[in-house]
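Chemist: Quick one: the structure is below, and I'll ask about it shortly.
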Amino acid sequence: MIAEAGLALLWFAAALAVLQLFTSLMTLRGGDGSGEMGGIVRPAAIMQGPLVALSFAMLMWLFIRTDLSVLLVAANSHSAKPFIFKVAGTWGNHEGSMLLWVTVMALSGSFLALVERRLPERTMIATLAAQAFVSLGFYAFLLFSSNPFERLLTPVAEGNGLNPLLQDIGLAFHPPTLYVGYVGLSVAFSFAVGALITREVGPAFARAMRPWVLGSWIFLTIGITAGSYWAYYELGWGGWWFWDPVENASLMPWLAATALLHSASVLASRDALRTWTIMLGVVAFSMSMVGTFLVRSGILTSVHAFAVDPERGTFILALLTIYIGGALALFGARASTVSEGKRFSIVSREAGLVVNNVALTAILGIVLLGTLYPLLTEAFDTKVSVGPPYFNPVGAIFAFPMFVALAIGPLLRWRSDRFGRIGKRLILPAVVTVIVLGGALMFAPDIHILPLLGLGMAIGLGIASLVPLFGRNLLRTPLPTYGMVLGHFGLAVALFGMASESAFSTEKLVAANVGDRVDVGPWSIELTSMEPVAGPNWTALEATMTARYEDGSPVMLHPQSRTFTQPQQTTSESALSTRWNGQLYAVVGEEGADGRWQLRLWWKPFVPLVWLGGLLIALGGVLALIGRVAGDVRRGLQRRRIAMRRESKPLAAATTGPAE
Amino acid sequence: MTAPDAPKGKRWAIWLPLVLFGAFFALVMNGLIRPADREIESAMVGKPLPVFDLAPGSPDRPGLATDAFRQGRPRLLNIFASWCVPCAAEAPQLDAIAKSGVPIDGVAIRDREEDLARFLARHGNPFASIGKDDISEVQLGLGSSGVPETFVIDGSGTIRYQHIGPIMDRDVAKILAEVERAEKPL
Amino acid sequence: MHMLARLALFATLIVSALAGPLAAQDQLPPAPYAYRQLEDPAQEAKAQELMETLRCLKCQSQSIADSDASMAGDMRNQVRLKIKAGEDPEAIRGWLIERYGDYVSYKPELTALTWPLFAAPLVLLLLAIMLLRRRFTRGVGDND
């Protein structure tokens, strides 16, 4: 019964989405935002959240109970699986992950309909119409092509189990993180479409959209940071970013969301960059759909054809085309009637943010082009590869000017300013950058140009990002300013980690006997022993290494060469030792014919800063989000108080005229 | 307040995103409808064989060197290995081609002699000579990216044709035709 | 959506790269310089830098520096031997492109088919300037 009830709830929610779309469109056509139909829109949106959430809870319950009469459970779970992976197994498959996506989406819709009251009602109805339209596509995908509640005619005795590689706690919570990010961007998309429909593109629209973009951006930042670290320690090759199509697919929505975040702040504060912000709102959501499509359809990496599903890829492409094609057509039809908003001087905070937007959008364009380019040349029967030697320098062409703008922009005033006014505050970062560049060239003359610039810029940027706080009353500085400072500082930290890793990593490949000592960078490592160990579904050879940093106390490392039994796979489990100034990375390979073990060791100075920086960026986002939401709540309460006062003294209000 | 500036000069720009999206759509549709084959073709077809000299991989066959391919007759060069499952699948077809009078030389990739002997005993030995390539040197020199692959080499030692993957029944005629074409110099 | 599938793909990609197809695994020890660095650190640095930009042909989505496939090992061996013999890294890249086409190199060459990749930054910059020119007021004092 549980499965049937879950499915029924989904159908009910989908029907409500139809109602939401229909009533909102009727209201918009009627031209009156407060008509009878209009009154139904919000309740229809609000009810979907709990319904779908309940449906999701039912699927989770089926997984926890391991109800093997349900196809999805039988195919993806096992009664002897640890509890946490039974729970995570709910979304550890296509159908369940779709249901999770729809759940997050419906809850967002409920929340949006419940709390957002600042926009003109007509724009709000249009936004909810767009939201219903987007939701309906996903409901259709779920109900017609990926029903998670399908029953088996005859229940099986035992389930198939979950891919052992996915039985990793980090992996279990990685997808939901990214879904939240993607759904947040879909809400921003709905706002953009709603504003386009009613042509109400102004600061109020930007303020309403901003928390959703911020929230989604925080989750995307965390998702990418965690994904990169996972690849770093799981891959066993010491790299943390490979410009692989899968990685690029996750980077593109982040780039677009970052640009949107900054342009929305221009729109909110200064009523400028109107059409551009709308455009980015559409692009950001497009990128999350495009990325998902590229990976899912296998169009780029179909050598791994067993992990992809072209049919579902095509369904996503269809959704993508309807949403994005439709939104862009609407944009073309409407954007010329939306005024561009206010202008600003070439020396102003807006101009700084414009540099940021141009750079981020250009990097996005480069990543998209480079990722798709092999597909383009294949249409001409030629195969090419586009990898780090393209992405790194071409991305840097735009990234470095952006870093400079990042150092200067936050110090500038809105609208118009002079460099002379802020010049003094930039002396320190500029001088430090030059000193670092000179020092690096002196002590490491072989250093490549990109890491060199990266090191210099990172230090200068780190200082410059804090400059906006100099001379301010720190207690009265608003939280979003702290958020900005922390986010920018985090970027500098991450940049330093990247540059340092690229410039100063040392690698040692050796064949060693037990008892041998190897030096890598400042470390001295002894292979102490090799022992077989066994896990639940694997056996491994585990090395014990005694590592010393210079003359410090010994650290034990246990890298493994692991062989999984079902299915048969060999993986290298790396072992890490983290210090404040870097990370030692050890991998053990195969045994040679002479009985020596293949060891691979890296000393990577300051590499953890890459991910620490990522987390700081996300934390900056959190501060900004708290600040913005708190501000909104405060203003909302104020407005209500004024309204109440006016109500209690209707005569006074009538005689003194409008209070605002 | 701002005067709404008339964006006359850039009306086209407003449609640019839709045009770009259209291009993206056309590109991926093309990719979905006619997916490119994932095989990596050698760029060496039409060029002379690289110079190599491989030790014998089997006691009853000589080793293989470039000179063997400069004797005026087309030959097949088959890249294989005992550990490669599809290589066993193409053995009957190779046998048939050898029986039809086309000499075949084998290059055994990263193989041990005992494994190779077992493989040849089980699946037959159509090879005139077998060279042992323990570090994929010849394979890399030929621009081959996997096993099995078969090259048609003409009598002057020029690579004329590459067949990727096992030779199945349906491929035999094509390969024999390519051998015939290779009878005439380029 | 499908993030898990995406991760599964990533994971399989990694594993297949590390292990190679198990059904077709050779038993021979790796080539001499597959897992051994060149004695001269400067030469090794050159080789490493080059290997990171060459594509493993068997795993298809990783560089030969990042792959445990035996063919990648053999390619590393060739690269290191050639570097050791004093060859220029770009000449070695050219040697491989001559055999496998542009696909083997992650560094796109400027050809009739790839020039848009290199024109893109300039086009994007010009486009940005063209679209944004009108957003700026002329002088500092110029108001809206």
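Chemist: Relative contact order of chain A: what whole-number percent is it, with Cα pairs under 8 angstrom and at least 6 residues apart?
Modeler: Once divided by the residue count of chain A, the mean separation gives 10 percent.
Chemist: In addition: What nm distance separates the two modelled labels at A:Ser648 and A:Asp551, each placed 7 Å from Cα along Cα→Cβ?
Modeler: Label-label distance for A:Ser648 and A:Asp551, simple model: 7.7 nm.
Chemist: I've got another one for you. Per DSSP H run of n ≥ 4, the term is -39500 (n - 2.57); total these for the protein assembly as shown, divide by its residue number, and report the mean residue ellipticity at 222 nm rounded to 500 deg cm²/dmol.
Modeler: When only DSSP H runs of four or more count, the value is -19000 deg cm²/dmol.
Chemist: Moving on. What is the average number of partner chain Cβ atoms found within 10 Å of a Cβ in C:47-56?
Modeler: Partner-chain Cβ atoms within 10 Å, mean over residues of C:47-56: 2.
Chemist: Sticking with this one: Step through the residues of the range C:45-55 one at a time and calculate ³J(HN,Hα) from phi using the Karplus curve (6.51 cos²θ - 1.76 cosθ + 1.60, θ = phi - 60°), rounding each to whole Hz and writing x for Gly and Pro.
Modeler: Once θ is set to phi - 60°, the couplings for the range C:45-55 become 4, 4, 4, 4, 4, 5, 5, 5, 10, 10, 8 Hz.
Chemist: Further question: Just list whichever of C:Lys58/C:Lys107; B:Lys174/C:Lys58; A:Lys508/B:Lys47 have alpha carbons separated by over 30 Å in the model shown.
Modeler: Violating the 30 Å Cα-Cα cut-off are A:Lys508/B:Lys47.
Chemist: Sticking with this structure for a sec: Thinking of the range A:205-413 as a set of Cα atoms, what percent of all their pairs are more than 31 Å apart?
Modeler: I get 25 percent for the Cα pairs in the range A:205-413 exceeding 31 Å.
Chemist: Sticking with the crude label model, points 7 Å out along Cα→Cβ, report the distance from A:Arg640 to C:Ala45 in nm, one decimal please.
Modeler: 6.5
Chemist: Could you give the size of the charge dipole of chain B about its Cα centre, using +1 on the Cβ of each K and R and -1 on the Cβ of each D and E, expressed in debye and rounded to the nearest 20?
Modeler: 880
Chemist: Long-range amide H contacts for B:Gly106: which residues qualify at under 5 Å (H placed 1.01 Å from N, peptide plane, sequence gap of 5 or more or a different chain)?
Modeler: Long-range HN contacts for B:Gly106: B:Asn78, B:Ala128, B:Ser129, B:Ile130, B:Gly131.
Chemist: Given contacts defined as C-alpha pairs under 8 Å and at least six residues apart, what's the relative contact order of chain B, whole-number percent?
Modeler: Answer for chain B is 28 percent.
Chemist: What's the percent breakdown of Cα-Cα distances in the range A:171-274 across 5 Å bins, shortest bin first?
Modeler: Result, from short to long distances: 2, 13, 20, 20, 15, 11, 8, 6, 3, 1, 0 percent.
Chemist: Mean Kyte-Doolittle hydropathy of -0.5 or higher plus an axial Cα length of 30 Å or more: which whole DSSP H helices in chain A meet both?
Modeler: What comes out of the filter, once short or polar helices are dropped, is A:2-30, A:38-65, A:94-115, A:169-198, A:203-235, A:245-270, A:274-297, A:349-378, A:419-443, A:479-504, A:608-648.
Chemist: Whose amide H sits under 5 Å from the amide H of A:His78, counting only residues 5 or more places off or on another chain, with H placed in the peptide plane?
Modeler: A:Gly161
Chemist: Of A:Leu437, A:Leu255, how do they rank once you tally other Cβ atoms within 10 Å and put the fewest first?
Modeler: A:Leu437, A:Leu255
Chemist: How would A:Thr127, A:Thr371 line up from fewest to most surrounding beta-carbon atoms within 10 angstrom?
Modeler: So the residues, fewest neighbours to most, are A:Thr371, A:Thr127.
Chemist: Can I ask one more? Helix by helix, which DSSP H runs in chain B go 18 Å or more along their axis at the Cα atoms and have an average Kyte-Doolittle hydropathy of -1.0 or more?
Modeler: Those that clear 18 Å and a mean of -1.0 are B:11-33, B:169-183.
Chemist: Would you work out the relative contact order for the range A:168-238, in percent, from Cα pairs under 8 angstrom that are 6 or more residues apart?
Modeler: 47
Chemist: Under the 0.36 nm per residue contour assumption, what length would be gained going from the current alpha-carbon distance of A:Arg29 and A:Phe12 to full extension?
Modeler: Net length gain for the segment: 3.6 nm.
Chemist: First measure r as the distance between the Cβ atoms of C:Glu87 and A:Asp516, then evaluate 1/(1 + (r/R0)^6) with R0 = 41 Å and state the FRET efficiency to the nearest 0.05.
Modeler: 0.80
Chemist: Still on this structure, please answer the following. Mind giving me the nanometre distance, one decimal, between the label points for A:Arg476 and A:Ser529, set 7 Å out from Cα along Cα→Cβ?
Modeler: With each label placed 7 Å out from Cα toward Cβ, I get 6.6 nm.
Chemist: Could you work out the equivalent-ellipsoid semi-axes for chain B, taking the square root of 5 times each eigenvalue of the Cα gyration tensor, largest first, in whole Å?
Modeler: So the three semi-axes of chain B are 49, 18, 16 Å.
Chemist: Multiply the residue separation of A:Val115 and A:Ile169 by 0.36 nm, subtract the distance between their alpha-carbon atoms, and state the gained length in nm to one decimal.
Modeler: Using 0.36 nm per residue and subtracting the Cα-Cα distance, I get 16.1 nm.
Chemist: Additional query: Just counting partner chain Cβ atoms within 10 Å, what average do the residues of peptide A:321-331 show around their Cβ?
Modeler: 3
Chemist: Can you work out the FRET efficiency for the pair A:Trp61 and A:Thr314, with r the C-beta to C-beta distance and R0 = 51 Å, to the nearest 0.05?
Modeler: Efficiency for this residue pair is about 0.95.
Chemist: On a C-alpha basis, how far is the centre of the range C:36-84 from the centre of the range A:238-264 in Å? Whole number, if you could?
Modeler: 28
Chemist: Please rank A:Trp101, C:Trp115, A:Trp61, fewest neighbouring Cβ atoms within 10 Å first, as an exposure proxy.
Modeler: Fewest to most other Cβ atoms nearby, the residues stand as C:Trp115, A:Trp61, A:Trp101.
Chemist: Follow-up. Compute the FRET efficiency between B:Asp169 and A:Thr337 as 1/(1 + (r/R0)^6), taking r as their Cβ-Cβ distance and R0 = 60 Å, and round to the nearest 0.05.
Modeler: So, using R0 = 60 Å, E works out to roughly 0.35.
Chemist: Under unit Cβ charges (Lys, Arg +1; Asp, Glu -1), what dipole magnitude, rounded to 20 debye, does the range A:205-413 have relative to its Cα centre?
Modeler: My answer is approximately 940 debye.
Chemist: Could you work out the mean count of beta carbons from other protein chains within 10 Å of each residue's beta carbon in C:94-104?
Modeler: Averaged over the peptide's residues, the number is 6.
Chemist: Multiplying the sequence separation of A:Thr563 and A:Glu150 by 0.36 nm and subtracting their Cα-Cα distance, what value in nm do you get?
Modeler: Roughly 145.2 nm would be gained on extension.
Chemist: Taking N as the number of residues in the range A:506-606, what is its alpha-carbon radius of gyration divided by 2.2 N^0.38 Å?
Modeler: That ratio works out to 1.08.
Chemist: So for the protein assembly as shown, taking the charge dipole from beta-carbon charges (+1 Lys/Arg, -1 Asp/Glu), which of A:Ser648, C:Cys56, C:Gln78 sits furthest toward the positive end?
Modeler: Looking along the dipole axis, the top candidate is A:Ser648.
Chemist: Given the C-alpha centroids of the range B:131-186 and the range A:527-606, what is the distance between them in whole angstrom?
Modeler: One Cα centre to the other: 42 Å.
Chemist: At q = 0.11, 0.19 Å⁻¹, what base-10 log of I(q)/I(0) does the Debye formula yield for the range A:373-460 when every alpha carbon is treated as an equal point scatterer in vacuo?
Modeler: -0.50, -0.92
Chemist: A further question follows. Translational D (Stokes-Einstein, µm²/s) of chain A at 10 °C and 1.306 mPa s when Rh comes from the Kirkwood sum over C-alpha pairs?
Modeler: In µm²/s, the coefficient is 58.
Chemist: Taking amide H positions as placed in the peptide plane 1.01 Å from N, state which residues far from A:Gly589 in sequence (5 or more) or on other chains have amide H under 5 Å from it.
Modeler: So A:Gly589 has HN proximity to A:Gln598, A:Leu599, A:Arg600.
Chemist: Size of the dipole of the protein assembly as shown about the Cα centre, Lys and Arg at +1 and Asp and Glu at -1 on the beta carbon, nothing else charged, in debye to 20?
Modeler: For the protein assembly as shown, the charge dipole is close to 5540 debye.
Chemist: Sticking with this structure for a sec: Can you bin every Cα-Cα distance in the range A:273-386 into 10 Å intervals starting at zero and give me the percent of pairs per bin, rounded to whole numbers?
Modeler: In whole percents, the pair-distance histogram is 12, 31, 33, 17, 7, 0.
Throughout, read-outs are computed from the coordinates displayed, never taken from laboratory work. This is a predicted model, so every value here is computed, not measured. Here the Cβ is made from the backbone with ideal geometry for all residues, glycine too, and neighbour counts use every protein chain on show.
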